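Below: the structure, in structure tokens.
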Amino acid sequence: LATTDPQKIPVTVLSRCLQFNLRHMAPETVQAHLHTVLTQEGVAFDAGALKLLAQGAHGSMRDALSLSDQAIAFGAGSLSAAGVRDMLGAVDSSFVLDAIGALAQGDGQRVVAIADSLRAQGVSAAFALEDMARVLQKMAVYQAIGQAAGADAANGDAQEQAILQLARAMPADETQLLYSMVIHGRAELGLAPDEYAGLVMTLLRLLAFKPPGFVPVQGGAVPAT
């Protein structure tokens, strides 16, 4: 008897079983293992595809392998970032960066236009908010480590450098506020009239509560005079 859903087992049976509570794996660990497995199996892939699969698995190696099988079938024997993104309904990172940039500038019209574009492409609102949370978490780290962030971003790709620029353009307290709103907005999607209404309201909520008196500048944010 083995299950990943122990709450459905009667208590009298459960008390006589061994329970192993496995921790979620880090996305980097999942990605590295997928790299090893796919290389051994001779499946063509790119790094972007593995990153998306690792994120979509939410810490479960079993789910990562299942998603990989589906993606291989979807991609006719190979894995590409574009194919995996289409299969998962994931959002292109440029949309997330544009949305956060529009929020940093207080541009509500652009925020709504980005959300409408995501709707038109059939991208999952849940994935969009999850990706926003990941970017905001990196921004908060860059804001916390100060000048060391520049060296870290220099060793990364163009996306990491774009995240650093956003971290410099948005006040740290605003980053924390947006992260909290994004996380709560993701949890509330099921309560919204539809998921895109929930996405738009989550994005516009920051503009409604945007701390007054700040203007974005290169290298940080300063009080407006």
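The values are calculated or read from the model by the stated rules, or taken from the named source; none is laboratory data. Every value quoted in this text rests on a predicted model; they were computed, and no experiment measured them. Methodologically, a virtual Cβ is constructed for each residue, glycine included, from the backbone with ideal geometry; neighbour enumeration extends over all protein chains shown. Note: accessible area is taken over every heavy atom of the protein model, side chains too, but ligands, DNA and RNA are not part of it. Shrake-Rupley method; radii C 1.70, N 1.55, O 1.52, S 1.80 Å.
Expressed in nm to one decimal, what extension gain is obtained for the pair A187 and S94 from 0.36 nm per residue of sequence separation less their Cα-Cα distance? Numbers along the way, then the final one.
Details: separation 93, 0.36 × 93 = 33.48 nm, distance 2.32 nm.
Full extension of this stretch gives 31.2 nm more.
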Query raised in the report: Points 7 angstrom from Cα along the Cβ direction at A197 and D107: gap in nanometres?
Result: 2.8 nm
Query raised in the report: Helix 158-169 sits at what angle to the longest principal axis of the chain, using alpha carbons and giving 0 to 90 degrees rounded to 10?
Result: 40 degrees
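Please report the carbon-and-sulfur percent of the accessible area for the chain; probe 1.4 Å, protein heavy atoms only, DNA, RNA and ligands left out.
Working: 7180 of 12580 Å².
Carbon and sulfur atoms account for 57 percent of the accessible area of the chain.
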Query raised in the report: How far is it, in nm, from the label point at L65 to the one at N21 when both lie 7 Å from their Cα along the line to the Cβ?
Result: 2.5 nm
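In deg cm²/dmol, rounded to 500, what helix-only [θ] at 222 nm does the chain give when every DSSP H run of at least 4 residues adds -39500 (n - 2.57) and the total is split over its residues? Don't skip to the end; give the middle numbers.
On the way: 12 runs with 147 residues, N = 225.
One gets -20500 deg cm²/dmol as the mean residue ellipticity at 222 nm.
Across the chain, where is the longest run that never hits trypsin sites (Lys or Arg not before Pro) in a DSSP loop with at most 12 other C-beta atoms within 10 Å?
Numbers: sites that count: R16, R23.
It runs 24-225.
Per residue, what accessible area does the chain have, given a 1.4 Å probe and all protein chains present, in Å²?
Values: 12580 Å² over 225 residues.
Value for the chain: 56 Å² per residue.
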Report task. Could you tell me how many degrees, from 0 to 90 and to the nearest 10, lie between the Cα long axis of helix 108-120 and the main elongation axis, the longest principal axis, of the Cα atoms of the chain? Result -> 30 degrees
Query raised in the report: With axes computed from alpha carbons, what is the tilt in degrees of helix 27-41 against the longest principal axis of the chain, rounded to the nearest 10 within 0 to 90?
Result: 50 degrees
